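The values are calculated or read from the model by the stated rules, or taken from the named source; none is laboratory data. As the structure is a prediction and not an experimental result, all values here were calculated from the model. Cβ coordinates were reconstructed from backbone atoms using ideal geometry, including for glycine residues, and neighbour counts include every protein chain displayed. Side chains included, ligands, DNA and RNA excluded: accessible areas come from the protein's heavy atoms. Shrake-Rupley method; radii C 1.70, N 1.55, O 1.52, S 1.80 Å.
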Amino acid sequence: MTSTTPSHPRVRFAPSPTGYLHVGGARTALFNWLYARHTNGTFILRIEDTDASRNTPQALSVIFENLRWLGLDWDEGPLPDGRTIGPFGPYFQSQRNDIYEAYCKKLIDKDMAYIKEGAVLFRMPRKRIIVPDIICGDIYFDCTLEKDFVIRRKDGSFVFHLVNVVDDCEMKISHVIRGEDHLSNTPKHIAIFESLGIKPPLYAHIPLILNPEGSKMSKRDKGSSVQEYIDEGYLPKAFRNYLCLLGWSIKENREIFDIEEAIAKFDLTQIHRSNARFNRQKLLWLNGEYMRTMPLDELFPHALSWLKKAGLIDDHYDNIPFLKGAVAIVREKVKTGKELIDWIKPLLSNQIEYNDAVLQQYLDNEGKNILKEAFPYLEKVSPFHSKELEETIKSLAMKHGRKTADYIHRLRVALTGRTVGPSLYPMLEVLGKEKVLNRLHKVLFEHE
């Protein structure tokens, strides 16, 4: 037998462009990518688009965009601009029919396949087949009663089992790293490889991802789409870090690590055998940690993108120092980009909205009197910095026999319309004296 295993590993991710990219698919892509980068191997993107009735250009675009968002670059395969990289194309199964036809004919000629009622069936060997699996160990399948199966339909289209094997053979795939739900297909694939006289690749079947209820995470489950996390403003680094934890660990009693560490330590033999449960709360916590600790200059481009998508700023917005200051004080309190947008919105807005309950509780006559006490003091603060502002409010409270909270809560509501938000003194500094006084003036003197 000839071997498909080159000196450097070759792995592939082979999604179907029939919908969004599933979280499970994203993890499969990540584990393949990590293994390729760890071993100085090759990561291939192959598109399984033989189901013409379900394929859409939009779904293909989503695959490209989501993989790019995750930072998973591929060494061979199609590119979003229509070009192809790599010597083993085409990388779309829909464009490889002649190749499949040749292999199908080879199997028929060897009497390993036969034509029946217009379809071509593979003659399944009636024997015990061993699947040597890097993660699961040797798994034995009794195929003595296994029926022959279709590899080419009556309409001439080819079935997954054949095209999968042919592509892995032609593209010299050395390791097939895929979900455990494919394990039952593997004896059939090994049988086809052996019938062609080709040594099968090495297999590593990743345990399933379960939903919070404990069943396999399906496309119907909320939170199963990668796009959902992009839309909610998750950071790709945090999301990628969390995917690493679904079935693998860095073995240092810590859960936050950068991708370079994961590449250096990734090993297929260390992937857990048991299924992984997807925990959105843990992902949310992890994303919050990244939001809080990531260097501001690294977080800021993400924040700009979120704010533009939300329509709060446009491409012509140029008050970057103000915006950086706003992101800096807000990120301590939020866990996603969606929350960051919500907290920054009142800082950017020229028109503050107040609901009746907030007005009655904080901006009644007493509340306005308290703010009127603060107004002249704020006018005199210089420089208009957190430290000086805090000292001013404290001395003001002492002079009038009040609690500092009496001023803090009312200032926050007057300036943002919200009862919660970033710490008051940094917020005052970021807004700046002019904006603070203008907003207070409107509340005190223009809406009486």
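All of (1) within 27 Å of PHE300 (Cα to Cα); (2) open to solvent by less than 40 Å² (accessible area, probe 1.4 Å) hold for GLN351 with one exception: (2).
With respect to the conditions (1) more than 16 Å from ILE352 (Cβ to Cβ); (2) in contact with a Ser or Thr (Cβ under 9 Å, 6 or more places away or on another chain); (3) not small (Gly, Ala, Ser), PRO383 falls short on a single one, namely (2). Count, please, the residues in the stretch 341-386 that happen to be free of Cβ contacts under 8 Å to residues at least 24 places away in the same chain and of a type in the set (Lys, Arg). So the answer is 1.
For the list (1) at pLDDT 95 or above; (2) open to solvent by 40 Å² or more (accessible area, probe 1.4 Å), I need the number of the one condition that LEU286 fails. That leaves (2) as the condition not met.
Can ILE135 be described as open to solvent by 10 Å² or more (accessible area, probe 1.4 Å), of a type in the set (Val, Ile, Thr), within 30 Å of TRP33 (Cβ to Cβ) and not assigned by the TED database to the domain that holds GLY24? Yes. Check the stretch 109-130 and report whether any residue there is over 26 Å from THR50 (Cα atoms), open to solvent by 30 Å² or more (accessible area, probe 1.4 Å) and not in a loop (DSSP other than H, G, I, E, B). Yes: the stretch 109-130 contains one or more residues that are over 26 Å from THR50 (Cα atoms), open to solvent by 30 Å² or more (accessible area, probe 1.4 Å) and not in a loop (DSSP other than H, G, I, E, B). Scanning the stretch 247-262 for residues that are in a helix (DSSP H, G or I) and open to solvent by less than 30 Å² (accessible area, probe 1.4 Å) gives ILE259, ALA262. Kindly check whether there is at least one residue in the stretch 138-153 that is over 30 Å from LYS106 (Cα atoms), in contact with an Asp or Glu (Cβ under 9 Å, 6 or more places away or on another chain) and modelled with pLDDT of 95 or more. Checked the stretch 138-153: no residue is over 30 Å from LYS106 (Cα atoms), in contact with an Asp or Glu (Cβ under 9 Å, 6 or more places away or on another chain) and modelled with pLDDT of 95 or more. Here ASN211 fulfils each of the conditions (1) surrounded by 17 or more Cβ atoms within 10 Å (Cβ to Cβ); (2) polar (S, T, N, Q); (3) at pLDDT 95 or above apart from (3).
Only one entry in LYS219, LYS265, LYS172 is open to solvent by 20 Å² or more (accessible area, probe 1.4 Å), in contact with a helix residue (DSSP H, G or I) (Cβ under 9 Å, 6 or more places away or on another chain) and not aromatic (Phe, Trp, Tyr), namely LYS265.
Is there a residue being open to solvent by less than 50 Å² (accessible area, probe 1.4 Å), of a type in the set (Asp, Glu) and not assigned by the TED database to the domain that holds THR18 anywhere in the stretch 226-246? So far as the stretch 226-246 goes, no, none of its residues is open to solvent by less than 50 Å² (accessible area, probe 1.4 Å), of a type in the set (Asp, Glu) and not assigned by the TED database to the domain that holds THR18. When THR186, THR144 are screened for being open to solvent by less than 10 Å² (accessible area, probe 1.4 Å) and polar (S, T, N, Q), only THR186 passes.
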